[in-house]
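Below is one structure, written out as structure tokens, with a few remarks after it.
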Amino acid sequence: SFRLPASATKRQQDFVLPAKGRITALTCAGSGEITHLEFHVNPALTGSLRQVLIEIFYDGQAEPALRMPVTDFVGVPHPWTNGRWDQSLTTLAAGLRYPWYIHTPRIHYPEVTLYSNLPMPFERGLRIDLVNRSADVQFAGFTLATVEPLAPAKAKEAGRLCGTRSLMPVTPGADLQSLLQFPGPGQLVGLGLFLTG
């Protein structure tokens with residue numbers, strides 16, 4: 001079983017995310033580091049969940065450092081999670097857990113859990129918002145985070161987890177095409193590539 005470090009705390013926050021709505025799914029004050037993050041969401045519609053954006057704001061900033069579909073953030077590569085796509089959904093960094101059952105008595109939990117183990121250090125607070133772009137699907141659930149202490153100076157040295165989603169056509173031909181460009185120094189900790197057509 002997973003055991004928390006003695007210095008870590010767990011934070012849980014319930015949410016209801018209405019259609020075309022926005023909510024704050026988690027807030028942390030002071031300095032620290034999120035080392036594990038989960039979104040337990042009902043209904044378990046992984047295709048519709050691509051309409052939900054995650055936005056991460058550091059240190060009271062007005063603009064998010066990370067903004068992308070929550071499914072892309074946790075590495076779900078395809079909107080229909082069945083058949084051959086199942087094998088590529090779970091990695092050490094992030095992924096998805098399917099709805100699950102208890103057999104005695106028989107209970108079905110019709111939720112999906114999206115989780116991430118990417119470290120998120122923060123120096124002066126962190127806020128995670130969820131934005132629902134769907135016009136007709138409402139989601140409910142809770143956020144669960146493991147937060148470990150981190151001195152402000154160490155959090156500042158660590159930088160921020162940043163990310164975005166890029167949609168780009170690939171033109172036919174033999175010429176090389178640049179799909180991603182990164183401004184400035186950093187460390188690439190995750191990359192998803194989905195091709196269709």
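General remarks:
- Rounded percent of accessible protein surface that carbon and sulfur make up, the stretch 119-194, 1.4 Å probe: 58 percent
- Exposure of LYS20 as accessible area (Å², to 10), given a probe of 1.4 Å and all protein chains: 140 Å²
- In order along the stretch 45-56, phi translates into HN-Hα couplings of 10, 5, x, 5, 5, 5, 7, 9, 9, 9, 10, 10 Hz, rounded to whole numbers, per the Karplus curve 6.51 cos²θ - 1.76 cosθ + 1.60 with θ = phi - 60° and x for Gly and Pro.
- Figure note: CYS28, CYS162 ranked by solvent-accessible area, largest first, 1.4 Å probe, ligands and nucleic acids not counted: CYS162, CYS28.
- Neighbourhood net charge (13 Å Cβ-Cβ; Lys/Arg +1, Asp/Glu -1) for ASN132: +1
- Residue-span extension gain [VAL16 to LEU45] - 0.36 nm each, minus C-alpha spacing: 8.9 nm
- Heavy-atom accessible area per residue - the stretch 2-73, 1.4 Å, Å²: 46 Å²
- Descending Cα extents along the principal axes, the stretch 103-197, whole Å: 59, 45, 29
- When all protein chains stay in place and ligands, DNA and RNA are ignored, the 1.4 Å accessible-area order of THR143, THR27, largest first, is THR27, THR143.
- Estimated distance in nm for a label pair at LEU193 and ASP175, the labels positioned 7 Å out from Cα along Cα-to-Cβ: 1.9 nm
- Probe 1.4 Å - accessible area at ILE23, Å² to nearest ten: 30 Å²
- Net length available on complete extension from PHE182 to THR24 is 54.1 nm, with 0.36 nm assigned per residue and the Cα-Cα distance removed.
- In the context of the full protein assembly, GLU148 retains an accessible surface of approximately 50 Å², using a probe radius of 1.4 Å and ignoring ligands and nucleic acids.
The values are calculated or read from the model by the stated rules, or taken from the named source; none is laboratory data. Remember, predicted model here, so these are calculated numbers, not experimental data. Here the Cβ is made from the backbone with ideal geometry for all residues, glycine too, and neighbour counts use every protein chain on show. What goes into the accessible areas is simple: the full protein's heavy atoms, side chains included, and nothing from ligands, DNA or RNA. Shrake-Rupley method; radii C 1.70, N 1.55, O 1.52, S 1.80 Å.
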